[in-house]
Amino acid sequence: MTTASTDQKFIYIPADDLKRDKHLGSGGFGDVYRGTWVSRRFQVAIKVFRVTDFEIEQQQKEIMREISAMYCIRFEHVLNVFGACAEPGYHALVVEYMPLGSLNDILKNDDIELSWLDRWSIVNQMTKGINHLHQLKPSPIIHRDIKSHNFLMKWGPQNDNNRFIVKVGDFGLAKFRSDTNSQPTSVGLVGTLLWMAPELFDSESKHTKASDVYALGMCFWEVATRCIPYEGMNMPSALLHVHLGHRLEVPSDVPEDFKEIIRAAWAHDPEERPTCFLLLEMIDTGMTPLLSSNSSTANYRWPHPISGSRHSITFSTDRLNTSSSMSKTDKSDEERVTTIKKYAALASIKFCDQELQDSDMEVIGNELSINSMCKELVLKNNEITPDGVQPLSEALSRNSTLKVLNLSGNPLKMKGAACLGSALCRNSVLVDLRLDSTRMGDEGARKIADMLRANHTLVYVGLNHNQITRVGIDFLSIALEINNNLQSIDISSNEAGVDGAKSLGKMLLHNRNLCKLYVDRNEIGDVGFMSIFDGLKKNATLFKLSVGNNNITDRTLDTIISLLKISGTLTTINLRGNKLSQVAQNKIQQAADLRKTCNVLFRNK
């Protein structure tokens, strides 16, 4: 076909107007080249179709209609289609050239280092691209073949938080793909198997927005690990693994917010997966603490496996490879100081599970005082006591760059919390503070509450698993009534009880900034949940409430349904691990479906 029909809306580009410069790869459609659109003096990517795809006239017409639809889409995170060549024996699609190649290429390239902000930015742009396709009116586009190979990348502006620009490609032609590795002929499904949602294994199933979201979740896992899904497993074993509801292991050093978007997206039940729109809200919350840190220059590499197959593996980092590398028995004090100083010069310092002690904190504190680059300090699961917190706190008073501090898993107790709290009253930079499992108790919570009254920069505070009772929750709630900056707080796995929940409900009546509240495993029960509901009646900011494993029963059914009706902001309610009957869950889900913008989670997958 050489002439345009009236229903085809793309530019026809003659074959002699296209110059192929370099072969970039082969795929389900044919071969891809870097080339030049000669008459425009413009660099492009040229996708040359296999001739067999055009041997059937009806197939040819359908492909041309799809190209027309793709050509009409213009969005910053969707690959631009410039036109097509359709001449006897030669059919090609001409699209925007992305110099860095695919996301898959980036993840395999050890020379390209990725910071946390890079990672959040990448998944944010990926999701924006798919969300745009899903939102198109009157005919949304289901991608059908989402995987890391189909997101293309180039460098972003130097003065922008997005170090990379990400665009989704191959979004209109997946249904015509002929690659035998990409679809099982017995069921005629589109999409590479390892990224395919479990419901698509059914021969009667169809691709949906939810199946696209599942594949996004797999891509999120790739970004988090830089590994190949199910590498080392044969295909039947991998598919059975997915079909039974199992998922790939998410490494422990992946931030909780990032784990959350992975697990939400690849939920086994399609109805439990968030929409792309809801995913974007979750991603936005995860990015917030890092947006002002400009941590894209963080000088460290992503975790890579050191042994075993990549789907179930122990991870190390290029900072300190294993805990033995910092063992007291293996290194002299002088060597330990040298090692700490070497890594403390980076933008992101991560010494987790290294048996670091109080004396090491003096060295880190000194380096923190003079380091003008450090934006993230993670010291999880060491042996730091209140004595070790002192030099860190003094450094925080002087440091003007640190955005993220994670001391979880250290025995800081009340005195350590008090020392940190005092320093953060004067600090105007830190946005993310994680003090999970630090044994602070109620008095420690009180010191953190005192700090929250004075601090105006913290966006996230994690106080998970700290033996905080309703007394400590009272202190925190009163502080949050007047704090106008904190957006997210996690007080899960404490002992709030009914009275603590009442304090939280009162706080929600007055707070005007909190977006996410985690109160899982706090024994609040039905009465406590109803108290939180009372606070949400007039709250206009909270969009995520997590109350999993709290012995909530069917007595709260009407309350939950009312919450879905009256709250204009809630987009996620986590009710996992409670005692709601299936009948109650169905009624709640129906109410959520009517609301359309709220995702209710009931059970773990």
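Bear in mind that the values in this text are calculations on the coordinates, not laboratory data. The model shown is predicted, which means the values in this text are computed figures rather than measured ones. Cβ atoms come from the backbone with ideal geometry, glycine included; neighbour counts cover every protein chain shown.
General remarks:
- Subset of K516/K565; K209/K516; K128/K587; K506/K587; K380/K579; K413/K537 violating a 24 Å alpha-carbon distance limit: K209/K516; K128/K587; K506/K587; K380/K579; K413/K537
- Hz values of 3J(HN,Hα) by residue in segment 246-253 - Karplus curve (6.51, -1.76, 1.60), Gly and Pro given as x: 7, 9, 4, 6, 9, x, 5, 8
- Net charge in the neighbourhood of D387 (other residues with Cβ under 14 Å of its Cβ; Lys, Arg +1, Asp, Glu -1) is -3.
- Simple spin-label estimate for C425 and L240 gives 6.2 nm between the two label positions (7 Å along the Cα-to-Cβ direction from each Cα).
- FRET efficiency, 1/(1 + (r/R0)^6) with R0 41 Å, evaluated for E249 and R398 via beta carbons: 0.55
- Distance between the modelled labels on K537 and A454, one decimal in nanometres: 3.7 nm (7 Å Cα→Cβ projection).
- Cβ-based net charge around H132, under 13 Å, with every Lys or Arg adding one and every Asp or Glu removing one: +3
- At an R0 of 51 angstrom, the distance between the Cβ atoms of M373 and Q43 translates into a FRET efficiency of 0.90.
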